[in-house]
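Reviewing the structure listed below.
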Amino acid sequence: MSEAKTIYLKDYKAPEFTVKTCDLVFELFEEYTQVTNLMQIVKMDKSAKDLVLDSVELELVEIHLNDVKLEEERYVVEKESLRVLDVEDEFKLIIINKIYPHRNSELEGLYKSGNIFCTQNEPEGFRRITPYIDRPDVMAVFKTTLVASREKYPVLLSNGNTESNFKLDDGRHGVTWSDPYPKPSYLFALVAGDLGVVKDKYITASGKYVRLNIYTDKGNESKCKHAMKSLKEAMQWDEEKYGREYDLSLYNIVAVDSFNMGAMENKGLNIFNSAYVLADEDTATDANFMGIQSVIAHEYFHNWTGNRITCRDWFQLTLKEGLTVFRDQCFSADLNSKEVQRIEDVKALRERQFVEDNSPMAHPIQPDSYMAINNFYTATVYEKGAEVIRMLHTLLGEQKYRKAMDLYFDTFDAQAVRTDDFLWAMSKAGEMNLEQFKRWYHQSGTPKLDVDEKFEDGTYTLTLIQKIPHAVDGSEQKPHFFPLKIGLLDESGKEILEKTLLISKEKEEFLFKTSFKPVLSINRDFSAPIIIDQKETHYGFLMKHDTNSFAKYEAAQLFGIQIIESLMQGNDINDEYVRAYGHILESDLDISYKALLLELPSISALMQRQNVVDFELIYDAIEKLQKHLASLYKEKLLEIYSKFHNPLCVDLDANSIGSRSIKNRCLKLLSSLKSNEMAVMANEQYSNSLTMTDKVAALDILENISSEYSAVAFKHFHDKYRQNTLVMNKYFSLLAASHREGTLERVIALQKDAAYNELVPNLVRSLVGTFTRNYKYFHAKDGSGYKFVADKIIDIDKINPQMASSLAGAFKIYKKLNVQNKKMMKVELERVVSTHSLSKNVYEIVSKIIK
Ligand code: 0A1
Ligand code: ZN
């Protein structure tokens, strides 16, 4: 597949033509769909002769130019485009083409999810529907008519507002939709199906009435309550925090089972992976409820940051994604717990983005090249992008940040712009020079900050040195500009100062006058996405005294890491850590926060610190530490467990969620004792608890400590939920994550389960995706895990290249593996990359890994 072409940002050219209006008619049949596309097109670059439209796998029926049918010599069908020769400055073009949605397994363009017709056009799906100038800087006004069988597809939806309805004699009906806001083709959507609906309304701050509808497969209506509540919360939050109101009188959401990502912000017609809409106490975990709240808000927030102001080209993706993730993170923090939200966000960043940043796939939040743009919907563009916006927010402060956002909306509404335009608004209204700050957009890798402290003659000196990693191509990168929030504590634990330092030079020195040597609490709130390397540490002290909730958590993590690493070197467990852990156990901190403080460092956190990864050494050490803490604090852990275990409670308030979180943390730690007593407790929890959170926590423990109980409980779970795909996802994940012997064999067998279906991305992610994160069996020394995953990538690539390339990301650890694992993985990477007719998606990932 060496023909995969690299696209560069530096080659960007403004479009030669633009589309003013696009009127579409879709005739949806079971075997095919006929699309009639009428466009008013204007030449922007007068030197252009031919009109080149993007067109992938389309069957052309006919073309009319200014109402005259075009002879074949007037156009050329090229590999991924349609060229109309020698066109005028302004003209009308009608193209009729056929597509085959029921055969579309890539889930891009128009496809079927079960019996529902739906679309996914970001970033380049629209060219699989009809020939078009399929790029975000071409914005047109769309009108869409859908025609389909009235019986099979009573619900016909598209963007904007309904204009008219009609019935045909042959049992079909039609609806015409029009969207007044010009938009790029990636925001176009349609849905047709026999759907259930939940209706509600929202009155905007200025008194406008907005109808809210959530559509889903019939029978699931009762599971849409939380999504609807979240939508209304998001609408209100955007009014209060950003002064942004919704701009149409209708907001539709449709839940579908087959979807490559979480959801999509199509104008007025969001399409969601049903996992981010449907939930009730019996089938969804607390984490699922939180996920729904944040994804619903994310897509809603895109209406202003993404749709009203969009991206000039796909290199600018973080313009809308980093900003919208930052917005949804702040929303969740405001509605739930700020401290917990910040820690969860940083955890996710470090587990996914830091790993990416330290791999051959590292890229800046604004990449300068790609082969497959679909591969760039990454943790870097999204989550690191959000951290970059958060730093701007910290640098400017809330007031100026809001002024800068207002300026951004006022200046660029209805345009397709660049991250530089966004930074212009931040700099202007923020009254801050952001030239150096721009490096965050163009440099990759995670910066390290070396911290050195000195105390002499009443002066405390803090010396900070930025260590900026090289780019993937080996080139040098420059120091960053960022805010660094610190605190200084006296020896009794009292805070004497909190300050946000501005760091811009490679080496910085800060002097503080004090009469004693203070204890440093650094990168409070994780004010910059960097790695701190501190010579002198006081983790136990900070675990006790730090007043900053993030820094206290960080101290607990870093202390844990220090202890585990020292165990890996054959040392004993340090008593100070054990006491500090005990101190947290005894504390009366908020329970959700406390549950996070009690979490031990992850395998991934430890792996990231090793130059050559040795998994066994890591788990053995973690297990040893768990056992030690569990046996020493058994009584206290049991006490907390019984205090907060309330099997009949299904409430979703902070206290109920926090109770489940802390008692399940205690039970999990206790389960490291692998005793019958713990198996009995987990088994009782499985049988008696009414929430999915408790059931999943119990199953996870049983699977890892007791094959007898586990077999019975999993069978019960399967019998009860086998018809519910969203719950079956959990079943597959739990089994794929198992550390019990024979996991790979069971994963292979599970592919035959009646509930499993390789065409549904959620199921592939649950079974195969989870298996790639099972360090024990994915990285089995005999290479069996690698071989299985490579086989799956090759198979799934033929069905859905985007799904396959996301699985291929599991191999990005390649360079850091020990000799034996590396040898085994290499064989599989080479086998994948040399596969005949491999997609550019998988090719890009795998070729970069083995280069
Ligand atoms: N813009 C969506 C994410 C999205 C991206 C690509 C997709 O298919 C290729 C689907 C969804 C969001 O940020 O929510
Ligand atoms: Zn998004």
Checklist outcome for this item: Across all Cα atoms of region 189-289, Rg and the largest Cα-Cα distance (Dmax), in Å, are 13.6, 39
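Suppose we take every Cα in region 80-237 and form the convex hull; what volume per residue is that in Å³? Could the numbers behind the result be given before it?
Working: hull volume 26.6 nm³, N = 158.
Taking the convex hull of the Cα positions in region 80-237, it is 168 Å³ per residue.
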Next on the checklist: Helix 385-412 against the longest principal axis of the chain: what's the angle in degrees, Cα atoms only, rounded to the nearest 10?
Outcome noted: 30 degrees
Next on the checklist: Which order do the peptides 481-491, 316-326 come out in when sorted by mean C-beta neighbours inside 10 angstrom, highest first?
Outcome noted: 316-326, 481-491
Checklist entry - Tell me, what is the percent relative contact order of the chain, built from C-alpha pairs under 8 Å that lie six or more residues apart? => result 9 percent
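Can you flag which of LYS199/LYS229; LYS347/LYS674; LYS79/LYS143 are past 18 Å Cα-Cα? Intermediate values should be presented prior to the final figure.
Working: LYS199/LYS229 11 Å; LYS347/LYS674 27 Å; LYS79/LYS143 28 Å.
The answer is LYS347/LYS674; LYS79/LYS143.
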Next on the checklist: Using the crude model of +1 on Lys and Arg Cβ and -1 on Asp and Glu Cβ, and no other charge, please compute the dipole size for the chain relative to its Cα centre, in debye to 20.
Outcome noted: 740 debye
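Per-residue ellipticity at 222 nm for the chain, helices alone: DSSP H runs ≥ 4 residues times -39500 (n - 2.57), over residue total, nearest 500 deg cm²/dmol? Let's see the in-between values first.
Details: 27 runs with 330 residues, N = 851.
After summing the helix terms and dividing by residue count, I get -12000 deg cm²/dmol.
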Checklist entry - Taking the Cα centre of each part, how many Å lie between region 649-675 and region 791-840? => result 37 Å
Checklist entry - Looking at region 503-611, which trypsin sites (Lys or Arg not before Pro) are in a loop (DSSP not H, G, I, E or B) and have at most 10 other Cβ atoms within 10 Å? => result LYS535
Checklist outcome for this item: Computed over region 344-430, the relative contact order (Cα-Cα under 8 Å, seq sep at least six) in percent reads 25 percent
Checklist entry - How would you classify region 516-557 from its alpha-carbon gyration tensor, with a ≥ b ≥ c the square roots of the eigenvalues: rounded for a/c under 1.5, else prolate if a/b is greater than b/c, otherwise oblate? => result oblate
Next on the checklist: Please give the Cα centre distance for region 101-137 versus region 691-736, rounded to the nearest Å.
Outcome noted: 35 Å
Checklist outcome for this item: Counting every C-alpha pair in region 551-620, the percent lying more than 16 Å apart is 50 percent
Checklist entry - What residue among TYR709, LEU60, LEU85 has its Cα farthest toward the positive end of the dipole of the chain, where the charges are +1 on Lys, Arg and -1 on Asp, Glu, each on the Cβ? => result TYR709
Item to check | region 272-329 versus region 573-612: alpha-carbon centroid distance in Å | outcome: 30 Å
Checklist entry - Seen from all sides and averaged, what is the projected area of the convex hull of the Cα atoms in region 317-377, in nm²? => result 4.6 nm²
Checklist entry - What is the mean projected area of the alpha carbon convex hull for region 764-851, to one decimal in square nanometres? => result 4.9 nm²
Next on the checklist: Using the Kirkwood radius over C-alpha pairs as Rh, can you work out the diffusion coefficient of the chain via Stokes-Einstein at 10 °C, viscosity 1.306 mPa s, in µm² per second?
Outcome noted: 55 µm²/s
Next on the checklist: Compute the helix-to-body angle for 676-688: its Cα long axis versus the longest principal axis of the chain, expressed 0 to 90° and rounded to tens.
Outcome noted: 40 degrees
Checklist entry - Hey, what angle do you get for helix 819-833 against the long axis of the chain, alpha-carbon based, 0 to 90 degrees rounded to 10? => result 0 degrees
Item to check | Residue order, fewest to most beta carbons within 10 Å, for TRP304, TRP424, TRP314 | outcome: TRP424, TRP314, TRP304
Next on the checklist: Taking the Cα of LEU9, stepping 7 Å toward and past its beta carbon, and measuring to each backbone N in region 132-160: which are under 20 Å?
Outcome noted: 135-138
Checklist entry - Taking +1 at the Cβ of each Lys and Arg and -1 at the Cβ of each Asp and Glu, which of VAL519, GLN341, ASN121 sits farthest along the dipole of the chain towards its positive end, judged by Cα position relative to the Cα centre? => result VAL519
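Identify the chymotrypsin sites (Phe, Trp or Tyr not before Pro) of region 230-302 meeting these criteria: DSSP loop state and at most 14 other C-beta atoms within 10 Å of the C-beta. Walk me through the intermediate numbers first.
Numbers: sites: TRP237, TYR242, TYR246, TYR251, PHE259, PHE272, TYR276, PHE289, TYR300, PHE301; in loops: TYR246, PHE259.
Sites meeting the loop and neighbour criteria: none at all.
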Checklist entry - Dividing the alpha-carbon Rg of region 617-723 by 2.2 N^0.38 Å yields what? => result 1.08
Checklist outcome for this item: Among LEU407, ALA284, LEU107, the residue whose Cα sits farthest towards the positive end of the charge dipole of the chain, when +1 is placed on the Cβ of each Lys and Arg and -1 on the Cβ of each Asp and Glu, is ALA284
Checklist outcome for this item: Note: region 385-512 at 4 °C, 1.567 mPa s; Kirkwood Rh on alpha carbon pairs; Stokes-Einstein D in µm²/s works out to 77 µm²/s
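Using only alpha-carbon positions, what ratio does the radius of gyration of region 4-92 give when scaled by 2.2 N^0.38 Å? Mind showing how you got there, number by number?
Details: Rg = 14.7 Å, N = 89, 2.2 N^0.38 = 12.1 Å.
Working it through for region 4-92, the quotient is 1.21.
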Checklist entry - Which three extents, in whole angstrom, do the alpha-carbon atoms of region 589-653 cover along their principal axes, largest first? => result 46, 27, 22
Checklist entry - At q = 0.21 Å⁻¹, what base-10 log of I(q)/I(0) does the Debye formula yield for region 686-836 when every alpha carbon is treated as an equal point scatterer in vacuo? => result -1.30
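Read the figures in this text as sums done on the coordinates, not as results from a lab. The structure presented is a predicted model; accordingly, all values stated were derived computationally and were not measured. Quick reminder, even Gly has a Cβ in these numbers, built from the backbone with ideal geometry, and neighbours come from all protein chains shown.
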